[in-house]
Structure formats: C-alpha cells, structure tokens
Amino acid sequence: MILKLIIGALILFSSLNASNVLNVYSHRNYYADKQLFEMFEKETGIKINLTELDSSEVLTEIQSDGEDTDADVLITVDAGRLVYAQYNNLLQPVTSEKLEKIVPSHLRQKKGYWYGLTKRARVIAYNKKKVSPSQLSTYKDLATQKWAKKVVVGKSTEMYNMSLLAALIAYEGEEEITKWAKGIVGNLARSPLEGDTNQIKSISYNRGNLAIINTYYLAKLMNSKKPHEVELTDDIGIFFPDQGKNERGTHINISGMGVVKYSKNKENAIKFMEFMLSSKAQKIYAEASYEYPINETVEPLELLKSWGDFKEDKINMEYLGYYNHKAVEVFKKVKWK
Ligand code: FE
C-alpha cells in the first residue's frame, strides 16, 4: 500500500514536472530570445530549457535522437530548413486559432507543421556611387549583359540562395532558371563568398556594384558599435526588385518554428508559439533582429520603413523547400560555387 502511494506520488510529481517545462531547440541566438523566454516563463510558469546549436546540428540532433528526443519546439531560419524538418518527420502538425489568425496562410504550413516567426526580404543592395536605382528592376535583369562583372552573391550552399532559386524555379521552371543562374555566374565580379555581410563589404570596396542580400544584414552593420562597420554602409542603397505591375514582388523568406514530432509537452509548445507571435513578443523580435514582424499589428522599425514599402512575393513558403533539390541541381549545372 505504502509502496503504491509512493509510486503514485512519484508519477504525479513527474507528470507535474513534465507539464511545466518546454525544451526549445534553436539555432537563432539573439539576446532578445532570452528576454522573451523569461517573459514567457513569468507569464505561464512554464520553464524553458534552451538548446542552441548551429543551423544543421539543430536538425540532425533532433533527427538522430528520434523518439528519445527531449525537444518540444524547433526554431530555425529559412523555410527550406523548416520544410526539411517537415519532410524528414521531425515535426508534427498542430493547429491553433491564434496561430492561424496571426500568420498569413502563405507563411505557414497548411496542416500546421510549422509557422513563420519573422520575415526577411532578399533584395538588391547597390553601391550608390556606381548605380542609380532607376537602372534596377528585377532579379531576372541581374543576369543580363549590362551587369557583366558587376554582381556579387553568396555561395550556392547557403540556404537563402537555394530558397530564392527554388522560388524562381517554382514560378518559371528549371530550364528558364538554369539560364538565369548561368547569367548570374557569368556576371560575377568575384567568386562567391559566404554570408551576406561579405556581399555588402564587397560592393562597398568596389568589388562589384550590386549584391543580393537579406536586408537585416545591412541594418545590423548600420547599427554596429564599430565605426568602421557603419562606414561600410555609407554608400549602400537598398532596392526591392520585381515591383512592377505584372511582377510577383520581392522574394520573402522566414524564420519559423514547429512542434517536434516526439514532443512530450505539446500543449506548452503551442502556448509558446502563440506567445512568440503575440504583438509584444514580435515587437521585441523586430527590434533585435531588424526583420519584418509576421504579426501585422506590429510596425517594422523606422529604418526598415525608411527603405520604403514594397510588394512581397506571396509564394507559399513550402515551395522553397519543395524545390530545394532542383535548386541544388541547377547550382551544380551552372557551377555556382
Ligand atoms: Fe541570416
């Protein structure tokens, strides 16, 4: 009898304990994450255990642990990675009225495998001393002869480039986009370097006049505490491509989150995702990451607004992952390093 009581108490204790924690696996590491997690803990009494890993490790870790994983929520950047997690059975579909109301349908998986957390725009950065925005128009235009030896881009192994290419393939097909990618490679001012900060540095140093970047990399440099980094941005302009009446709008990507397939704390995980999309959390995120909030009740930062309003491509984010393998093939075919 006593033994039964002890066992019963132990079970009760462990279930209480389990219901008050949430294990978040993330590859984002912003100071704001910690601030937000503390807010969430205070509000809900649910304790967050954060595991921070790099972008590929966060996926392989959950994958290799299988059913034994302690992960409840995955947070990562790039729709391509979220779709990878979805297609490799790392996530489970969850629905919530709040999540569906806040996140526009093209920025979440339709069954609820993942939801966007922040938005990023992949734009053309240009050296104002060399290029006038009136010369710019579309991504397609960057592959034309007029930009020979003037374009800089990152490597083909970077998710953001794969996702841009995947979106273009989704719209125009592999053949057409192979031609485009070939044109870009032919127009390069230098061999691709890793990371968008390097693209900005290149055009600032006149190694190329145009670069394809996510806007927040420029915003980060502009707000850097190091004066030489701020200086780098003096002559850099931002242009939102594909804004014409018959064009699709500028390519958008997301950071996002989903509930892990073998999560032991699903209810807490949903609560957490709802919190992360609430207007107060989104405001803090927008300020820390220089990204566009997903929650439309929150305004982007003044700096982002100063770059102007723009039409966003409304492609469903799942295509960015769906066509990822095609994008990889195209990159190989055109020898984009
Ligand atoms: Fe990034």
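Values as computed for the structure displayed
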item: Restricting the range 203-220 to residues that are touching a Lys or Arg at 6+ places or on another chain (Cβ under 9 Å) and farther than 17 Å from Val230 by Cβ, the residue that is nearest to the ligand (Cβ to nearest atom); result: Asn214
item: Exclusive hit being in contact (Cβ under 8 Å) with a residue 24 or more places away in the chain, of a type in the set (S, T, N, Q) and crowded, with 16+ Cβ neighbours inside 10 Å, set Ser156, Ser191; result: Ser156
item: Verdict on Ala327 being outside the structural domain of Tyr25 (by TED's automatic domain parsing), among the hydrophobic types (A, V, I, L, M, F, W, C) and either in contact with a helix residue (DSSP H, G or I) (Cβ under 8 Å, 6 or more places away or on another chain) or within 20 Å of Gln35 (Cβ to Cβ) (or both); result: yes
item: Residue within the range 71-84 that is in a loop (DSSP other than H, G, I, E, B), farther than 30 Å from Leu232 by Cα and modelled with pLDDT of 95 or more present; result: yes
item: All helices (runs of 4 or more DSSP H) inside the range 199-289 with 2 or more residues being farther than 30 Å from Lys111 by Cα; result: 215-222, 227-232
item: Check on Val298, among the β-branched types (Val, Ile, Thr) and part of a helix (DSSP H, G or I); result: no
item: Long-range neighbours under 9 Å by Cβ, at least six apart or interchain, first residue without any contact (Cβ under 8 Å) to a residue 40 or more places away in the chain within the range 208-228, second within 13 Å of the ligand (Cβ to nearest atom); result: Tyr217/Gly195; Tyr217/Asp196; Tyr217/Thr197; Tyr217/Gln199; Tyr217/Ile200; Tyr217/Tyr290; Leu221/Thr197; Leu221/Ile200
item: Tally, over the range 104-118, of residues that are surrounded by fewer than 22 Cβ atoms within 10 Å (Cβ to Cβ) and either assigned to a loop (DSSP other than H, G, I, E, B) or touching a strand residue (DSSP E or B) at 6+ places or on another chain (Cβ under 9 Å) (or both); result: 5
item: Matching residues, the range 48-62, being out of contact with any Ser or Thr (no Cβ under 9 Å at 6 or more places or on another chain) and free of Cβ contacts under 8 Å to residues at least 60 places away in the same chain; result: Asn49, Asp54, Ser56, Glu57, Thr60
item: Options Ile252, Ile236: the member that is within 18 Å of the chain's Cα centre (by Cα) and buried (at least 16 other Cβ atoms within 10 Å of the Cβ); result: Ile252
item: Residues (under 19 Å from the mean Cα position of the chain (by Cα) and either assigned to a strand (DSSP E or B) or exposed (fewer than 13 other Cβ atoms within 10 Å of the Cβ) (or both)) located in the range 89-103; result: Leu91
item: Test: residue in the range 265-275 that is over 25 Å from Ser132 (Cβ atoms), in contact (Cβ under 8 Å) with a residue 40 or more places away in the chain and among the aromatic types (Phe, Trp, Tyr); result: yes
item: Out of Tyr139, Tyr126, Tyr113, sole residue that is in contact (Cβ under 8 Å) with a residue 40 or more places away in the chain, farther than 15 Å from Phe240 by Cα and of a type in the set (Ser, Thr, Tyr); result: Tyr113
item: The listed residue being surrounded by fewer than 18 Cβ atoms within 10 Å (Cβ to Cβ), closer than 19 Å to Trp114 by Cα and touching a strand residue (DSSP E or B) at 6+ places or on another chain (Cβ under 8 Å), out of Lys266, Lys261; result: Lys266
item: Test result for Tyr160, closer than 30 Å to Leu74 by Cα and of a type in the set (Phe, Trp, Tyr); result: yes
item: Single condition Tyr292 does not satisfy, out of (1) surrounded by fewer than 16 Cβ atoms within 10 Å (Cβ to Cβ); (2) within 16 Å of the ligand (Cβ to nearest atom); (3) touching a residue at least 12 places away in the same chain (Cβ under 8 Å); result: (1)
item: Unmet criterion (only one of (1) farther than 23 Å from Tyr323 by Cβ; (2) away from the ligand (no atom under 16 Å from the Cβ)) for Thr197; result: (2)
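The values are calculated or read from the model by the stated rules, or taken from the named source; none is laboratory data. Keep in mind the model is a prediction, meaning the values are calculated, not measured. Glycine also receives a Cβ, built like all others from the backbone with ideal geometry; neighbour counts cover every protein chain displayed.
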